[in-house]
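Any read-out appearing in this document is the output of simple, stated calculations on the displayed coordinates, not a laboratory observation. Just so you know, these numbers come straight off a predicted model, no measurement behind them. Virtual Cβ from ideal backbone geometry, glycine too; neighbours counted across all protein chains shown.
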């Protein structure tokens, strides 16, 4: 696809549909015990009825912007899906099990989660995406681990770029694998961002907004690298590199980003966003700086599972 003169950033391209997994499908949360919190990386045991209420309110609001589609709609006859839905409450975080590209709507990147309890998610979601007519671009193995919350597709200066965070869940080897397999046909270059391991994924503490505005958790990044169109690797300071491209950076408290998903915003195109429990002051600053509108919905119980609105959704462009 020729991207010249076009912005195919995730924040700029409205998804045609959003793929989700409702926590009621399989009722895995109702089987959750305190003994499994560490295994599943939950901060606390959520109150299940209230979490369902929050999810329903979020899904209803999302549905006013874009068509929503559930795994149960697509692969309800798929036995591995039923097994996963019955035992894995993290399946609701649809962002992590695949990566979709706004500039290549019929393609996807199957991920490879590092957490053993999430290892089968990508297999289930890959089956759903292929049933929807999409085809995979690569496959990870050995020390190559990738989760979709660590990947953000953007366009800089008419170049298709994958921002890939690596830390606790995604490895540098996976970013290099993406470069080898996707440059130059599907991606122009890759920027790797080494983030604080206290922040689970890149989207826990970082997002790119219109008007070259970046929202980032304070102290999130240490170092990074760039793999260019010739697959040459060079070291970069991620935020300094962004500032050199003309970006302005708005910072929020790191503890707030972790506990309340402050940076976890869901772009819906046309400068519309959804967020959980965003403080009024930060909301006003972001809306003014980036020229966007943010609708806010309650997500206190969902955030106990270490995820926000971005994490719950997989945008589809086909």
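Per residue, the convex hull spanned by the alpha carbons of the range 198-318 comes to 130 Å³. When 209, 180 are sorted by how many other C-beta atoms sit within 10 angstrom of their C-beta, beginning with the fewest, the order is 180, 209.
By count of other Cβ within 10 Å, fewest leading, how are 53, 207 ordered? Sorted ascending by nearby Cβ count, the order is 53, 207. Footprinting exposure proxy ranking of 258, 250, 302, fewest other C-beta atoms within 10 angstrom first, gives 250, 258, 302.
Run the numbers on the chain and let me know its relative contact order in percent, using alpha-carbon pairs under 8 Å that are six or more apart. Reported relative contact order: 23 percent. Between the range 130-148 and the range 20-36, the alpha-carbon centres lie 25 Å apart.
With Cα atoms defining each centre, the range 78-119 and the range 270-285 are spaced 27 Å apart in the structure.
Have a look at the DSSP beta bridges in the chain and tell me what percent are antiparallel, nearest 5. Expressed as a percentage, antiparallel bridges in the chain total about 55. Counted over the range 84-173, the DSSP beta bridges are approximately 85% antiparallel. With helices as the sole contributors, the chain gives -7500 deg cm²/dmol at 222 nm; each DSSP H run of n ≥ 4 counts as -39500 (n - 2.57), and the sum is divided by every residue. If R0 equals 22 Å, the separation of the Cβ atoms of residue 172 and residue 240 corresponds to a calculated FRET efficiency of about 0.70. Most tightly packed first, judged by the mean number of other beta-carbon atoms within 10 Å of their residues, the peptides 164-174, 65-75, 107-117 read 164-174, 107-117, 65-75.
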